[in-house]
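Down below is the structure, laid out as structure tokens.
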Amino acid sequence: MFMSIQQEKIGKLVARREKALLGGGEKRIQAQHEKGKLTARERLSLLLDEGSFEEYDMFVRHRCTNFGMEKDHTDGDGVVTGCGTVDGRLVYVFAQDFTVSGGSLSKTMSEKICKIMDLAVRNGAPVIGLNDSGGARIQEGIDALAGYGEIFERNILASGVVPQISGIFGPSAGGAVYSPALTDFTLMVENTSYMFLTGPAVVKSVTGEDVTQEQLGGASVHASKSGVAHFAARDEQEGIATIKKLLSFIPQNNLETAPERPTNDPYNRVDDALNEIIPDSPNKAYDVYSVIRSIVDDGDFFEIHKDFAKNIIVGFAHMGGRSVGIVANQPKVLAGVLDINASRKAARFVRFCDAFNIPLVTLVDVPGFLCGTQQEYGAIITNGAKLLYAYGEATVPKVTVTLRKSYGGAHIVMSCKQLRGDINYAWPSSEIAVMGADGAVKVLYAKEMKSDPEHSEEIFQKRKEEYVELFSNPYQAAEKGYIDDVIEPRNTRFRIIRALCQLEGKRQELPAKKHDNLPL
Ligand code: HXC
């Protein structure tokens with residue numbers, strides 16, 4: 001059959017595309033599937049709206065000539081890059097292709113990734129990186145390392161400009177872990193992904209420690225112990241669905257607000273159950289999740305860092321259709337105390353919300369900071385200061401509701417009025433004081449009780465009653481204007497939404513500076 005020259009050229013293009021779509025080839029794709037993993041392209045097709053993917057640099061090839069690499073070329077090299085939409089909103093994506101040299105990073109791969117990062121910043125859209133890589137391409141030596149450097153620099157420059165999300169869908173080892181660490185959110189997949197600086201073999205030779213990949217840097221480890229991962233998904237499908245849901249709460253860039261989500265949940269819905277939720281005994285716990293679910297639209301709360309530092313809860317929700325960041329002490333875990341990890345977790349979340357114009361709703365029930373040598377040696381001072389700093393620096397609307405305890409330094413840290421809290425409410429069950437009644441009485445009346453040991457218990461009880469009367473309520477703070485209003489718990493949703501509406505046009509600036517010096 002006769003074929004024009006143009007038809008022949010188009011045929012070659014189609015054939016080359018078809019070959020490129022197979023990455024490292026059928027055998028390696030099969031091997032990838034046998035490991036319970038999807039390919040880079042399969043992941044992208046799950047993530048992006050159907051037909052929306054616009055691929056770039058499909059024909060890019062590495063330029064390495066060491067170790068016979070000049071004979072080993074695959075179109076596109078080890079990463080698939082481009083843009084597309086998720087629920088109709090533009091995103092830039094890169095997905096490392098493990099079927100090509102184990103997804104190891106060549107200089108040209110880094111150029112592909114940097115190109116889409118530059119486009120994302122220029123056009124104001126999130127960057128989503130799906131990582132599955134053996135790290136720096138060994139054959140390329142310093143060129144591969146330089147490639148990482150280029151990516152890291154872009155991660156830094158894009159930080160606070162466009163949201164950056166990392167999905168870890170396979171290995172992520174060595175210095176390569178630092179690109180995900182520089183992004184806003186990291187998601188890992190249980191059993192098939194791991195992140196560590198050095199693998200088990202090196203660990204064994206250096207420290208003598210026997211440890212598996214999973215124990216050293218698996219999803220559950222990073223989601224619960226180190227906090228490196230914000231999410232641990234059961235499988236890749238759940239991982240991609242989580243990334244999509246996360247996107248629905250956040251804006252495209254730092255100059256926009258998050259998309260609104262219409263709801264049939266009335267903004268003035270009251271919940272009588274909240275009037276009963278605080279136990280009569282101050283030492284009894286309740287579940288702050290019930291309060292969160294009660295006040296947000298449709299009870300839909302999207303939690304971040306669910307398994308890490310469970311004494312504080314952070315996550316996104318909608319209230320009156322608008323996206324909000326929720327921070328809540330959890331009385332059910334360690335009585336809701338602030339420790340190193342809780343402070344780090346919440347500080348990072350508060351800073352993300354502030355960078356991307358997401359109002360903060362803070363629910364306070366905190367007995368103070370955790371004490372002891374472990375916390376002091378681990379720098380609870382510096383870490384607690386991170387949260388203090390984050391709240392004090394944030395200029396987004398800040399609405400705070402004190403549910404019960406709000407003691408000492410922790411009271412100040414948790415978005416108090418003096419840290420430019422905009423609207424601060426308290427429930428009638430609030431206790432806003434320097435410390436709880438028992439501790440305070442023991443300090444103030446130690447001498448009196450010691451001098452009359454026979455009646456020390458009576459003295460203690462009498463003084464405690466006085467203290468409770470004076471401080472174990474919200475009225476001292478409300479009388480001084482530190483609390484704007486004492487509200488009935490059942491009205492909390494309505495009052496927060498009304499406050500957020502009021503604050504919609506909030507304008508607040510920070511003094512001019514090169515950058516801050518956050519206590520790191
Ligand atoms: C070149 C690599 C590679 C790498 C894997 N491959 N890693 N090629 N450079 N870094 C190749 C393999 O040779 C193999 O090629 C193919 O990818 C698949 O790898 P396998 O080993 O067969 O797969 P698997 O058994 O699943 O093991 C995956 C792995 C292992 C655990 C990632 O490949 C591995 O340990 N790779 C080296 C990891 C590493 O040390 N990287 C450097 C980290 S330091 P063929 O052709 O045989 O299929 C680093 C510095 C970054 O990254 C610094 C930034 C500042």
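Yes or no: Ala95 in contact (Cβ under 8 Å) with a residue 12 or more places away in the chain, of a type in the set (A, V, I, L, M) and part of a strand (DSSP E or B)? Criteria met by Ala95.
To keep it simple, each residue is scored yes or no on (1) open to solvent by less than 20 Å² (accessible area, probe 1.4 Å); (2) within 11 Å of the ligand (Cβ to nearest atom); (3) not in a strand (DSSP E or B).
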| residue | (1), (2), (3) |
| --- | --- |
| Ser133 | yes, yes, yes |
| Gly147 | yes, yes, yes |
| Gly167 | yes, no, no |
| Ser172 | yes, yes, no |
| Gly175 | no, yes, yes |
| Pro180 | yes, no, yes |
| Leu187 | yes, no, no |
| Asn191 | no, no, yes |
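Selection over region 25-41 of residues that are open to solvent by less than 70 Å² (accessible area, probe 1.4 Å) and not in a loop (DSSP other than H, G, I, E, B) gives a count of 5.
Do you know which of the residues in region 149-165 that are of a type in the set (Val, Ile, Thr) and within 16 Å of the ligand (Cβ to nearest atom) is most open to solvent (accessible area, probe 1.4 Å)? This residue is Ile156. Scanning region 80-109 for residues being of a type in the set (A, V, I, L, M) and closer than 22 Å to Arg28 by Cα gives a total of 5. Among the residues of region 118-129, those that are farther than 21 Å from Leu197 by Cβ and either basic (Lys, Arg) or crowded, with 24+ Cβ neighbours inside 10 Å (or both) comprise Ala120, Arg122, Pro126, Val127, Ile128.
Looking at Leu44, Leu22, can you tell me which residue is surrounded by 12 or more Cβ atoms within 10 Å (Cβ to Cβ) and in contact with a strand residue (DSSP E or B) (Cβ under 9 Å, 6 or more places away or on another chain)?
Values: Leu22 fails: in contact with a strand residue (DSSP E or B) (Cβ under 9 Å, 6 or more places away or on another chain).
Leu44 is the lone residue from the list that is surrounded by 12 or more Cβ atoms within 10 Å (Cβ to Cβ) and in contact with a strand residue (DSSP E or B) (Cβ under 9 Å, 6 or more places away or on another chain).
Taking the numbered list (1) touching a residue at least 40 places away in the same chain (Cβ under 8 Å); (2) within 21 Å of Glu303 (Cβ to Cβ) in turn, Ser406 passes all entries but (2).
Within region 101-117, the set of residues being near the ligand (Cβ under 10 Å from one of its atoms), more than 11 Å from Asp143 (Cβ to Cβ) and either polar (S, T, N, Q) or open to solvent by 10 Å² or more (accessible area, probe 1.4 Å) (or both) comprises Ser101, Gly102, Ser104.
Pick out, from region 380-439, the strands (runs of 3 or more DSSP E) lying fully within it that include 2 or more residues that are open to solvent by 10 Å² or more (accessible area, probe 1.4 Å) and under 22 Å from Cys501 (Cβ atoms).
The qualifying strands (runs of 3 or more DSSP E) are 423-426.
Evaluate the following for Tyr482: is it open to solvent by 30 Å² or more (accessible area, probe 1.4 Å) and of a type outside the set (Lys, Arg)? Yes; evaluated as a whole, the condition is true for this residue. Residues in region 135-145 that are within 11 Å of the ligand (Cβ to nearest atom), in contact (Cβ under 8 Å) with a residue 60 or more places away in the chain and farther than 13 Å from Gln96 by Cβ: Gln139, Glu140, Gly141. Among residues of region 165-186 that are hydroxyl-bearing (Ser, Thr, Tyr), none has a beta-carbon under 7 Å from a residue that is in a strand (DSSP E or B) and within 8 Å of the ligand (Cβ to nearest atom) at least six positions away or on a different chain. Going through (1) surrounded by fewer than 20 Cβ atoms within 10 Å (Cβ to Cβ); (2) modelled with pLDDT under 95; (3) in a helix (DSSP H, G or I) one by one, Thr198 falls short only on (3).
The values are calculated or read from the model by the stated rules, or taken from the named source; none is laboratory data. Every value quoted in this text rests on a predicted model; they were computed, and no experiment measured them. Quick reminder, even Gly has a Cβ in these numbers, built from the backbone with ideal geometry, and neighbours come from all protein chains shown. In case anyone asks, the SASA skips ligands and DNA or RNA and just uses the protein heavy atoms, side chains included. Shrake-Rupley method; radii C 1.70, N 1.55, O 1.52, S 1.80 Å.
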